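Read the structure below first, then the notes.
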Amino acid sequence: MTALPASRHRSWLTLAVVSLAQLLVVLDATIVNIALPAASAELQFDANGRQWIVAAYSLAFGGLLLVGGRIGDRIGKFRAFVIGAAGFALASAVGGWAPTLEVLIGARAAQGVFAALLAPAALGLLTVAFAGSGHREKAFAIFGAVSGAGAGIGLVLGGWLTEYFSWRWTLFINVAFALAAIIGALIALPRPGPAPRTPFDVRGSILASLGVLGVVYAIGTVALQPITAGVTLVAGIVLLVIFARTQRRTTYPLLPPSILADRTRSTSSLVMLVASVGVVAVFVFATSYLQDVLGIPAFLAGLAFLPMVIAIVVGAQVISAGLAVGVPLRRKVPIAALVSAGGMVWLAQVHDGVAYATGILPGLLLVGIGLGVIFASTLSSATWGVLPEDSGVASAVLNSAQQIGTSLGVAVLTTLSGLATGVYIGTHLVEVGGLGGVPSTHTIALAVIAGYQAVFWFAAVAFVATALVAGLRYPSKLASTAAAR
């Protein structure tokens with residue numbers, strides 16, 4: 001067997017290390033979420049406290065991604081990677097120890113800060129390691145599979161740790177992942193130098209951070225504080241518009257306009273944003289359905305998502321980087337999105353007494369296959385043709401789009417679920433003799449299922465919209481992500 005060149009060995013080792021870091025960032029969202037009921041029981045906090053535990057991470061992560069990406073470009077991606085992983089480990093340890101809700105929220109915010117440094121550095125290092133390589137497509141397919149499957153792995157791992165150990169271990173486990181990533185980085189990661197020393201765009205950093213922060217916060221709180229959220233959303237959008245205008249006039253911009261001027265890269269970020277709305281329906285609402293409606297324990301509910309994790313890997317590796325390696329993005333991504341839409345339509349057929357094997361599993365498999373292709377394609381093409389010194393901030397754009405899409409999905413689908421549940425109860429009260437009656441337990445159970453059905457139908461629409469965005473906006477000149485070498 002012919003030995004691989006040392007540089008190729010280094011590239012694949014880089015892929016392994018940055019994939020571990022990406023797994024750390026992605027699974028943290030779901031591994032903690034599934035432990036929230038146990039944490040609230042021990043620390044005595046309500047639904048508002050749960051919301052802030054989730055929001056603290058997403059606000060810090062989403063608001064600082066562009067700044068974190070540019071810092072990584074300036075100080076060197078290797079250094080940013082190690083600092084990000086070390087900080088994430090420390091914040092996770094504090095969160096696992098947290099004696100009060102306030103400490104836990106602070107630890108989650110710190111996790112988001114260091115994740116905003118770690119995630120762009122990881123994707124940037126991968127971009128540099130496989131620049132000009134014929135294996136770029138395969139490498140990004142593996143990275144995409146990890147990104148897509150990480151949430152499902154978090155459900156399995158989080159359910160197991162919560163049920164058999166303690167909710168605190170859903171945070172302590174991050175320390176082990178982070179230390180492994182740091183050791184791997186010291187052994188295997190390339191150490192590209194920092195970008196040329198130029199003035200840091202402080203004004204752009206403030207505008208971008210506050211703008212994204214405002215948008216994410218507004219979307220996450222619109223159901224509880226609609227007026228405040230509306231004002232915050234408008235303010236966030238205005239700040240982002242001002243940010244975009246200043247970037248065109250700034251000599252050393254935080255986000256070079258050329259990054260979004262490329263149609264392939266901008267479309268990939270838009271595809272990720274829209275698709276992330278549909279992803280929420282799977283990793284948040286389908287999980288709740290298994291536990292709240294079917295009565296499946298947390299660990300088994302997480303385990304029920306393993307087939308979907310496998311489907312994501314198949315979609316990324318076998319289909320996107322294998323069978324469809326030469327298929328243009330303009331055809332590959334829309335087809336994948338429609339497959340995921342079909343999976344959501346299947347899930348939307350859930351009804352009283354539905355079984356997991358026939359009513360849930362087929363839908364999860366279809367959604368997983370489509371997501372595998374979508375994640376692999378967007379992650380590869382979002383950094384296509386970017387200069388090494390800009391790869392960190394280009395990676396941050398895609399991560400920001402995913403974060404905003406996820407926040408939008410949670411807000412919209414939560415509101416939609418509540419509305420559909422209320423409409424069902426109101427309608428059936430009228431049918432049995434007026435609105436003054438009290439709904440039966442069975443009616444309430446059916447109303448809850450109606451709420452889930454509405455969520456799954458909306459997610460199907462989101463994936464159809466993803467297909468339209470990809471089909472209309474991806475240029476036909478770029479043959480496939482394989483061309484991004």
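Worth a mention:
- Considering residues of the stretch 138-148 that are open to solvent by less than 40 Å² (accessible area, probe 1.4 Å) and more than 14 Å from D28 (Cβ to Cβ) only, the residue nearest to the chain's Cα centre (by Cα): G148
- Test result for G342, in contact with a Leu (Cβ under 6 Å, 6 or more places away or on another chain) and surrounded by fewer than 24 Cβ atoms within 10 Å (Cβ to Cβ): yes
- Cβ-Cβ under 8 Å pairs, at least 6 apart or on other chains, the stretch 95-114 side touching a residue at least 60 places away in the same chain (Cβ under 8 Å), far side among the acidic types (D, E) and buried (at least 24 other Cβ atoms within 10 Å of the Cβ): Q111/D28
- Out of T378, T383, one residue alone is in contact (Cβ under 8 Å) with a residue 24 or more places away in the chain and either surrounded by fewer than 24 Cβ atoms within 10 Å (Cβ to Cβ) or part of a loop (DSSP other than H, G, I, E, B) (or both). It is T383.
Conditions (1) in contact with a Phe, Trp or Tyr (Cβ under 7 Å, 6 or more places away or on another chain); (2) among the aliphatic types (A, V, I, L, M); (3) open to solvent by less than 10 Å² (accessible area, probe 1.4 Å); (4) farther than 25 Å from V279 by Cα, marked per residue:
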position	(1), (2), (3), (4)
G96	yes, no, yes, yes
R108	yes, no, yes, no
A115	yes, yes, yes, no
A122	yes, yes, yes, no
V156	yes, yes, no, no
L179	no, yes, no, yes
A185	yes, yes, yes, yes
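- Of all residues in the stretch 412-435, those satisfying the criterion of being assigned to a helix (DSSP H, G or I) and modelled with pLDDT under 75 are H428, L429, V430, E431.
- Residue-level check: of (1) touching a Pro at 6+ places or on another chain (Cβ under 7 Å); (2) within 30 Å of G315 (Cα to Cα), A181 misses just (1).
- I319 in a helix (DSSP H, G or I), modelled with pLDDT under 90 and of a type in the set (A, V, I, L, M): yes
- Taking first residues from the stretch 438-459 that are in a loop (DSSP other than H, G, I, E, B) and partners that are open to solvent by less than 60 Å² (accessible area, probe 1.4 Å) and not small (G, A, S), the Cβ contacts under 6 Å between residues at least 6 apart in sequence or on separate chains come to P439/I425.
- Restricting attention to the stretch 274-299 and to residues that are polar (S, T, N, Q) and either out of contact with any helix residue (DSSP H, G or I) (no Cβ under 8 Å at 6 or more places or on another chain) or open to solvent by 30 Å² or more (accessible area, probe 1.4 Å) (or both), the residue that is farthest from L27 (Cα to Cα) turns out to be Q291.
- Options V354, V345, V325, V339; residue that is more than 18 Å from S476 (Cα to Cα), among the β-branched types (V, I, T) and modelled with pLDDT under 90: V354
- Condition check for F45: buried (at least 19 other Cβ atoms within 10 Å of the Cβ), under 23 Å from S395 (Cα atoms) and in contact (Cβ under 8 Å) with a residue 12 or more places away in the chain: no
- Out of G353, G418, G405, one residue alone is open to solvent by 40 Å² or more (accessible area, probe 1.4 Å), in contact (Cβ under 8 Å) with a residue 24 or more places away in the chain and not hydroxyl-bearing (S, T, Y). It is G418.
The values are calculated or read from the model by the stated rules, or taken from the named source; none is laboratory data. All figures in this text were calculated on a predicted structure; none of them were measured in a lab. Quick reminder, even Gly has a Cβ in these numbers, built from the backbone with ideal geometry, and neighbours come from all protein chains shown. Side chains included, ligands, DNA and RNA excluded: accessible areas come from the protein's heavy atoms. Shrake-Rupley method; radii C 1.70, N 1.55, O 1.52, S 1.80 Å.
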